[in-house]
Ligand SMILES: C[S@@+](CC[C@H](N)C(=O)[O-])C[C@H]1O[C@@H](n2cnc3c(N)ncnc32)[C@H](O)[C@@H]1O
């Protein structure tokens, strides 16, 4: 064995030993690592940049709400696009932070586009500080399920430490939706125990309902999956990052609505809307016209249940931790229009709820 082979063997053995003894990451640290790795890829960045409603929304919001001379933090700058918009708008200084290696690309792009007055900082936002507070915090930290990219914790942390009193968070107002939906018949995949395939019955498998929370939800970017909402959409939760604190978010959301569009309940579509001005909104809602296409929406699956127009549905979403969608549990109760007493439904989702 050559000296070089021996050295290589030694180095890889050492790396294996280090991996073995490395302290286990906490869920927050593991999430950071995954997030940083995910956004280092050109593919993730180009999906977001090619999303026209998204880019139009941010460009207009920055033109309208960032004033020449403002000092700005761009939390999670990615390729530096929002920082560039703010600089071109006349911001006196933009502190563009990102914890992912994509920051190198942001520097290259800013130079190639002659963008000035932007400081690029390779850091996680919670480890970033400044000697003076800023006028604006700019960010795009919305996950498919709104909360799942730690938006509330990260923005509120910067707000409390580094935003001037009366300063602006752009964007700050959000609506979170959890809408009962019917999926188009030809695209609907029932739970296995609901199936009968040419007389072959799978009902016996209901006893083996999986415990894995991931089984009870899926993501899609295909809005044609959804045939219709059963009720008139309304936010299950609204929040304003100017004032909210993560600890104040409720751990349970319940709403009761009248079914206006009869049909089979297949699950709840989770999506969000962002509000800046009356005429400036962004939506990931599958049935919203002009939806931002790169965001997926999540379907929280339910056991089959059929609703008639006029029925009432009460939906309950219990949340262990908003950023961790695997901690969410959901159930519903059907109230027929005539009876005052709720009738518990067979097949209420029992994912540990
Ligand atoms: C959804 S991308 C948005 C990128 C860019 N602002 C845009 O609009 O195209 C979110 C970016 O934030 C970064 N990020 C997420 N959490 C962060 C944190 N707490 N501190 C610093 N960067 C973060 C990610 O690495 C990613 O590049």
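Only the coordinates and a few stated rules stand behind these numbers; no lab work does. Predicted model only: the values in this text are computed from it and were never measured. Glycine gets a Cβ as well: all are built from the backbone with ideal geometry, and neighbour counts include every protein chain shown.
Miscellaneous remarks
- Number of the exception - residue 131 against (1) out of contact with any helix residue (DSSP H, G or I) (no Cβ under 6 Å at 6 or more places or on another chain); (2) within 16 Å of the ligand (Cβ to nearest atom); (3) over 17 Å from residue 85 (Cα atoms): (2)
- Residues satisfying the stated conditions in region 83-103, i.e. near the ligand (Cβ under 9 Å from one of its atoms) and touching a helix residue (DSSP H, G or I) at 6+ places or on another chain (Cβ under 6 Å): 96, 97, 99, 100
- Residue match in region 70-77 (condition: more than 21 Å from the chain's Cα centre (by Cα) and within 9 Å of the ligand (Cβ to nearest atom)): no
- Selection status of residue 315, more than 30 Å from residue 60 (Cβ to Cβ), touching a residue at least 60 places away in the same chain (Cβ under 8 Å) and crowded, with 22+ Cβ neighbours inside 10 Å: yes
- Where residue 151 falls short, out of the listed (1) within 12 Å of the ligand (Cβ to nearest atom); (2) surrounded by fewer than 22 Cβ atoms within 10 Å (Cβ to Cβ); (3) within 21 Å of residue 282 (Cβ to Cβ): (2)
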